[in-house]
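The values are calculated or read from the model by the stated rules, or taken from the named source; none is laboratory data. This structure is a prediction, so every number in the text was calculated from the model and none was measured. Neighbour counts run over all protein chains shown; Cβ positions are idealised from the backbone, glycine included.
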Amino acid sequence: MVESNAPARRDAYTWGLVTALGVIAGYVAVLFANSRHFYTDDTESQYAPLWVMLGRNLRDGHFPTMVPEHWMAGNYTIEEAGLLNPPQLLIDLIAPSVDNVALYATVVKLVFAIILGLGVYRVCKEYGAALPWAAVAGVAMPFTGWLLFFDEASWYTALTGTAWLVQAWASAVRYARGRTGPIPVFVFLYLAISVQYIFPAVEAGLMILAVVVGEFVYQRAWRPSLRVLAVSACAAMAGLATYLPSMLSAKVTWRGTAQINNDQFLTVPWSESLNASLPSTLPAYNSWWGYVQPMPVTYIAWFLIPALAFVDWRKARENWREFGAIGLFALMALMWTAGPGAIGPLRWPARVLPMVALGLLLLVCVLLGRYATVRDPRQRVIAAAVLIGVLWVRTFSAAPDEVVWHVLSVLGIAALGVVVLWLGRTRGIATACALIIVSIFPIAYLQVRAAQPTPMGWNLPEKRSEMKAAFPDFPGTTLQLADRALIPPAERTLDGAYGSLVFGNYAKDLELTYVSGYTPNGHYRFGETLCMRWDTSVCPDAYRRAFAIEPTTGRSIVDLMKVDRVVLQKALFPEARNQPAPTGWRWVDHPGHDGYIAVLERQDGPLSTRDGRIAAADGVTAVSESESDRTSRVRVNSDLGGRVVFARLGWPGYRATLDGNEIPVELVGKTFAAVDIPAGTRDGELELSWQPPGWKLGAGAALLGVLGVGALQWLSLRERRRRSDQSVPADAPTAESIDLAGVPR
């Protein structure tokens, strides 16, 4: 038995290696088109700097669930930080040691692209596709439109979540068909959930639903599906702690409570799937760039649609139960992309386009890997030509100005198709599939090249050493008031604006403490207080608001925040330096940087280092005894009663005790955490502490999930031992090939 299985196992590893090498080659091709392609938009402004900051904290022995001085984005239990995701924590730990963050981001994404490609390869293999076609699907997937131009270029957590999701899919099918235990399914599902981005978590749920239904239909037995459902429930319980803080804090964030609406923004008509095989496609739907998109985000693979003409549909219909889960998943994803525009935190349905690509690519490659044929070649070539014509018509309709490129695309894929058919008939399916894999690289290169300059880039610097050398030394806590939109593209350099202004999480690359930070989940009331947006930009009224007096304390907002420095963008506040500094502040010169910024600092030195995080005490004598990011311990005395206000944003999860007895936590200005001290308090020990809301429930659910998968593993081992003395034939669907499927007749 071992000897007979050895060649098949060797072939599986060989084509798996081809898949990995193909993904690497594709990345190289893209980098030739744009060396910063994988370091753009949210990656440069949000994720890569976040890795550096989190890694520094972890190295210092701090688990950074909360950093109060990062006011705008300091609650990292609700950001896309992946705090409970072990691979992400490893990425964070390494990040501070790498100077070139663009290079590091590219390598990290390449690793996940390989994981994704191998996952797609595994899924195809589990559904019985011939190995060469499985490799084609695995290499093609990372270079489908939305993945290439958004999830890989920018939205990193979407890429990682998708990579783990696909691995979970393959493991779920193996578990349902008795080839492995529940632990791989549990691990991959947990990793997909705990990237801390809600889309992969929900998409994983749809995938599991498709597998559960598909395996019930295929095996006509309920036990395999129940096993998959049970291990998925365990993974969901383990991942609950990732999202409970967000769910329980939603009411104070920009996201608000759950709602369903359809504003048509980033909702993609189903008809756009008809241009999924034309590389020049520029789909039409509403986005940041108007109606016609500047990038081929609905593209999947050049062979996807024309290849349907070379499937033996009679045999496919006879065996549809074996891979019906793929079709169900693709259908659910396709329906989602068309709306509604927002379902609670799930907004912008175009984000689901990678799931459409995944479902359709898997379906077509499984069909080709099992039922490809060139019988009746004349009729099939005509059918393929008609399909290519439909592609051209739909793509031309969406972007008629690019008619020349559309014609060239049609000619290109037609020529490729002819060569692939000839190779398949004369040299074998392996050679034909090798050509398809190689063809992916120049297409990716040309698509990325044509989209330059990318409309998504911030052009933030790449090397942290150069950033820090060019930037002013700003110790303590800094509040910047600026608007990113006022920086001309030519000045987005270290010699220009980025030598003295920060946006997004750029300050984390510089290892400086700024109030602002990139956040899609900002505290609503604090954002309103300073009219600060997700990218840290502010409105022209922000200067007045920052120094406005909070009426109940008589202190300014910057005093309650214990800010040491205020940096004003001259383009936004051109006359500020001509006015007297606010009381207690002074203008400070920073030679070499005064062209972009005007700087205010406190006359009596830094405030952030005095009295812990006590911002104001009215009727109370308060002395800070100890401070950490999550806890303030204060010694208090009050004859008539009073209030202590802390330089802490009033997130849900704060708890206060006085001499061990719990007392209410109040909010000042609906923003700052405060505690009322009763009259007659003598030498009282006040402790204000924060824990992620729902952490006990999350920890308990995680424990139950781990215990549950342990029980499932025990049951699986017991069942396998029971069958160990029997000769059990493999129950995998076998590819009955004709001509091009890649398996001998």
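Hey, can you tell me all the residues within the stretch 398-420 that are under 26 Å from Trp15 (Cα atoms) and crowded, with 19+ Cβ neighbours inside 10 Å?
Within the stretch 398-420, Ile413, Gly417, Val420 qualify.
Inside the stretch 588-604, can you point out the residues that are in a loop (DSSP other than H, G, I, E, B) and under 17 Å from Lys562 (Cβ atoms)?
Let us first name the residues in the stretch 588-604 that are in a loop (DSSP other than H, G, I, E, B), namely 589-596, 603-604.
Those that are in a loop (DSSP other than H, G, I, E, B) and under 17 Å from Lys562 (Cβ atoms): Gln603, Asp604.
Scan the stretch 334-352 for residues that are outside any strand (DSSP E or B) and of a type in the set (A, V, I, L, M) and jot them down.
Step one: filter the stretch 334-352 for residues outside any strand (DSSP E or B), giving 334-341, 344-345, 348-352.
Leu334, Met335, Ala338, Ala350, Val352, listed by residue number.
Considering only strands (runs of 3 or more DSSP E) fully contained in the stretch 640-681, which possess at least 1 residues that are closer than 16 Å to Ala617 by Cα? Talk me through it step by step, then tell me what you get.
Values: elements: 642-649, 654-658, 661-663, 666-668, 672-677.
Strands (runs of 3 or more DSSP E) meeting the threshold: 642-649, 654-658, 666-668, 672-677.
Please work out which residue is surrounded by the most Cβ atoms within 10 Å (Cβ to Cβ), limiting yourself to the stretch 518-552 and to residues that are over 23 Å from Pro49 (Cα atoms) and in contact with a Phe, Trp or Tyr (Cβ under 7 Å, 6 or more places away or on another chain).
Filtering first and then ranking leaves Tyr543.
Results for (1) touching a Phe, Trp or Tyr at 6+ places or on another chain (Cβ under 7 Å); (2) surrounded by 15 or more Cβ atoms within 10 Å (Cβ to Cβ); (3) in a helix (DSSP H, G or I); (4) β-branched (Val, Ile, Thr), shown as yes or no for each residue.
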{"residue": "Val558", "(1), (2), (3), (4)": "yes, yes, yes, yes"}
{"residue": "Lys562", "(1), (2), (3), (4)": "no, yes, no, no"}
{"residue": "Leu568", "(1), (2), (3), (4)": "yes, yes, no, no"}
{"residue": "Leu572", "(1), (2), (3), (4)": "no, yes, no, no"}
{"residue": "Arg577", "(1), (2), (3), (4)": "yes, yes, yes, no"}
{"residue": "Ala581", "(1), (2), (3), (4)": "yes, yes, no, no"}
{"residue": "Arg586", "(1), (2), (3), (4)": "no, no, no, no"}
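Please go through the stretch 497-513 and give me each residue that is closer than 16 Å to Leu572 by Cβ and out of contact with any Lys or Arg (no Cβ under 8 Å at 6 or more places or on another chain), ordered by number.
Ala497, Ser500, Leu501, Val502 - these are the residues of the stretch 497-513 that are closer than 16 Å to Leu572 by Cβ and out of contact with any Lys or Arg (no Cβ under 8 Å at 6 or more places or on another chain).
Under 6 Å by Cβ, and 6 or more places apart or on different chains, what pairs join a residue from the stretch 335-353 that is in the same structural domain as Glu203 (by TED's automatic domain parsing) with one that is in a loop (DSSP other than H, G, I, E, B) and of a type in the set (Asp, Glu)?
Gly341/Asp263
Counting only residues that are buried (at least 18 other Cβ atoms within 10 Å of the Cβ), among the aromatic types (Phe, Trp, Tyr) and without any contact (Cβ under 8 Å) to a residue 40 or more places away in the chain, how many does the stretch 200-228 have?
Number satisfying all stated conditions: 1.
Here is a yes/no grid of residues against (1) in a helix (DSSP H, G or I); (2) in contact (Cβ under 8 Å) with a residue 12 or more places away in the chain:
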| residue | (1), (2) |
| --- | --- |
| Ala414 | yes, yes |
| Gly424 | yes, yes |
| Thr431 | yes, no |
| Ala434 | yes, yes |
| Ile440 | yes, yes |
| Val448 | yes, yes |
| Pro455 | no, yes |
| Trp458 | no, yes |
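Which numbered condition in (1) in contact with a helix residue (DSSP H, G or I) (Cβ under 6 Å, 6 or more places away or on another chain); (2) more than 23 Å from Ile413 (Cβ to Cβ) is the only one that Ile305 fails?
(2)
Any chance the stretch 609-627 includes a residue that's outside the structural domain of Leu486 (by TED's automatic domain parsing), surrounded by fewer than 19 Cβ atoms within 10 Å (Cβ to Cβ) and under 29 Å from Tyr498 (Cβ atoms)?
Scanning the stretch 609-627 turns up at least one residue that is outside the structural domain of Leu486 (by TED's automatic domain parsing), surrounded by fewer than 19 Cβ atoms within 10 Å (Cβ to Cβ) and under 29 Å from Tyr498 (Cβ atoms).
Out of Ala450, Ala470, report the one residue that is over 30 Å from Arg613 (Cβ atoms), in contact with a helix residue (DSSP H, G or I) (Cβ under 6 Å, 6 or more places away or on another chain) and surrounded by fewer than 20 Cβ atoms within 10 Å (Cβ to Cβ). First the steps, then the outcome.
Details: Ala450 fails: in contact with a helix residue (DSSP H, G or I) (Cβ under 6 Å, 6 or more places away or on another chain).
One residue alone meets the criteria, Ala470.
Can you name the residue in the stretch 70-125 that is closer than 25 Å to Glu466 by Cβ and of a type in the set (Asp, Glu) and is also surrounded by the fewest Cβ atoms within 10 Å (Cβ to Cβ) among such residues? Steps first, answer last, please.
If we filter the stretch 70-125 for residues that are closer than 25 Å to Glu466 by Cβ, which is where we start, we get 70, 73, 91-110.
Those still in the list that are of a type in the set (Asp, Glu) too: 92, 99.
Details: Asp92: 24, Asp99: 14.
Among residues in the stretch 70-125 that are closer than 25 Å to Glu466 by Cβ and of a type in the set (Asp, Glu), the one surrounded by the fewest Cβ atoms within 10 Å (Cβ to Cβ) is Asp99.
Among the residues of the stretch 555-588, which ones are touching a residue at least 60 places away in the same chain (Cβ under 8 Å) and more than 37 Å from the chain's Cα centre (by Cα)?
Arg555
Quick one: in the stretch 1-60, which of the residues that are among the β-branched types (Val, Ile, Thr) and either at pLDDT below 95 or more than 30 Å from Leu446 (Cα to Cα) (or both) is surrounded by the most Cβ atoms within 10 Å (Cβ to Cβ)? It would help to see each step written out before you state the result.
So in the stretch 1-60, the residues among the β-branched types (Val, Ile, Thr) come out as 2, 14, 18-19, 23-24, 28, 30, 40, 43, 52.
Next, from what is left, pick out any that are either at pLDDT below 95 or more than 30 Å from Leu446 (Cα to Cα) (or both): 2, 52.
Details: Val2: 6, Val52: 22.
For the stretch 1-60, the residue satisfying everything is Val52.
Do we have any residue at all in the stretch 543-553 that's out of contact with any Gly (no Cβ under 8 Å at 6 or more places or on another chain), closer than 20 Å to Glu601 by Cα, in contact (Cβ under 8 Å) with a residue 24 or more places away in the chain and not in a helix (DSSP H, G or I)? Show your work before the answer.
Residues of the stretch 543-553 out of contact with any Gly (no Cβ under 8 Å at 6 or more places or on another chain): 543-549, 551, 553.
Next, only the ones that are closer than 20 Å to Glu601 by Cα stay: 543-549.
Right, trim to in contact (Cβ under 8 Å) with a residue 24 or more places away in the chain and you get 543, 546-547.
After this cut, where a residue has to be not in a helix (DSSP H, G or I) as well, the list is 547.
For the stretch 543-553, residues out of contact with any Gly (no Cβ under 8 Å at 6 or more places or on another chain), closer than 20 Å to Glu601 by Cα, in contact (Cβ under 8 Å) with a residue 24 or more places away in the chain and not in a helix (DSSP H, G or I): present.
Could you tell me which residue of the stretch 275-310 is farthest from the chain's Cα centre (by Cα), considering only residues that are outside any loop (DSSP other than H, G, I, E, B) and not hydrophobic (A, V, I, L, M, F, W, C)?
So the first thing to find is which residues in the stretch 275-310 are outside any loop (DSSP other than H, G, I, E, B), and the list is 275, 284-287, 290-292, 306-310.
Filter once more, so that each one left must be not hydrophobic (A, V, I, L, M, F, W, C): 275, 285-287, 290-291, 306.
Details: Asn275: 26, Tyr285: 22, Asn286: 22, Ser287: 19, Gly290: 24, Tyr291: 25, Pro306: 32 Å.
Among those that are outside any loop (DSSP other than H, G, I, E, B) and not hydrophobic (A, V, I, L, M, F, W, C), it is Pro306.
Please verify whether the stretch 36-53 includes one or more residues that are on the phi < 0 side of the Ramachandran plot, of a type outside the set (Gly, Ala, Ser) and without any contact (Cβ under 8 Å) to a residue 12 or more places away in the chain.
Applying the first criterion (on the phi < 0 side of the Ramachandran plot) to the stretch 36-53 yields 36-40, 42-53.
Checking which are of a type outside the set (Gly, Ala, Ser) leaves us with 36-40, 42-44, 46-47, 49-53.
When the remaining residues are screened for being without any contact (Cβ under 8 Å) to a residue 12 or more places away in the chain, the result is none.
There is no residue in the stretch 36-53 that is on the phi < 0 side of the Ramachandran plot, of a type outside the set (Gly, Ala, Ser) and without any contact (Cβ under 8 Å) to a residue 12 or more places away in the chain.
Between Leu512, Leu481, Leu486, which is touching a residue at least 12 places away in the same chain (Cβ under 8 Å) and buried (at least 20 other Cβ atoms within 10 Å of the Cβ)? Please lay out each step first, then the result.
Numbers: Leu512 fails: buried (at least 20 other Cβ atoms within 10 Å of the Cβ); Leu486 fails: buried (at least 20 other Cβ atoms within 10 Å of the Cβ).
Only one candidate passes the filter, namely Leu481.
Could you check, for the stretch 226-235, whether at least one of its residues is among the β-branched types (Val, Ile, Thr) and closer than 30 Å to Ala450 by Cβ? If you could, list the steps in order and put the result at the bottom.
First pass over the stretch 226-235, keeping only residues among the β-branched types (Val, Ile, Thr): 228, 231.
Filter once more, so that each one left must be closer than 30 Å to Ala450 by Cβ: none.
No, because not a single residue in the stretch 226-235 is among the β-branched types (Val, Ile, Thr) and closer than 30 Å to Ala450 by Cβ.
I'd like to check something: does the stretch 263-272 contain any residue that is buried (at least 18 other Cβ atoms within 10 Å of the Cβ), assigned to a helix (DSSP H, G or I), of a type in the set (Val, Ile, Thr) and touching a Gly at 6+ places or on another chain (Cβ under 8 Å)? Reasoning before the result, please.
The first filter runs over the stretch 263-272 and keeps only residues buried (at least 18 other Cβ atoms within 10 Å of the Cβ), leaving 266-268, 272.
Narrowing the set further to residues that are assigned to a helix (DSSP H, G or I) leaves 272.
Adding the requirement that they be of a type in the set (Val, Ile, Thr) leaves none.
Within the stretch 263-272, not a single residue is buried (at least 18 other Cβ atoms within 10 Å of the Cβ), assigned to a helix (DSSP H, G or I), of a type in the set (Val, Ile, Thr) and touching a Gly at 6+ places or on another chain (Cβ under 8 Å).
Does the stretch 169-191 contain at least one residue that is closer than 27 Å to Phe441 by Cβ and in a helix (DSSP H, G or I)?
Residues of the stretch 169-191 closer than 27 Å to Phe441 by Cβ: 169-170.
Right, trim to in a helix (DSSP H, G or I) and you get 169-170.
Yes, that holds for at least one residue.
From the list Ala414, Ala330, which residue is at pLDDT 95 or above and in the same structural domain as Ile436 (by TED's automatic domain parsing)?
Ala330
When only residues in the stretch 42-71 that are among the charged types (D, E, K, R) and under 17 Å from Val107 (Cα atoms) count, which is nearest to the chain's Cα centre (by Cα)?
First pass over the stretch 42-71, keeping only residues among the charged types (D, E, K, R): 42, 44, 56, 59-60, 69.
Subsequent filtering for residues that are under 17 Å from Val107 (Cα atoms) retains 42, 44.
On the way: Asp42: 9, Glu44: 13 Å.
Here the residue is Asp42.
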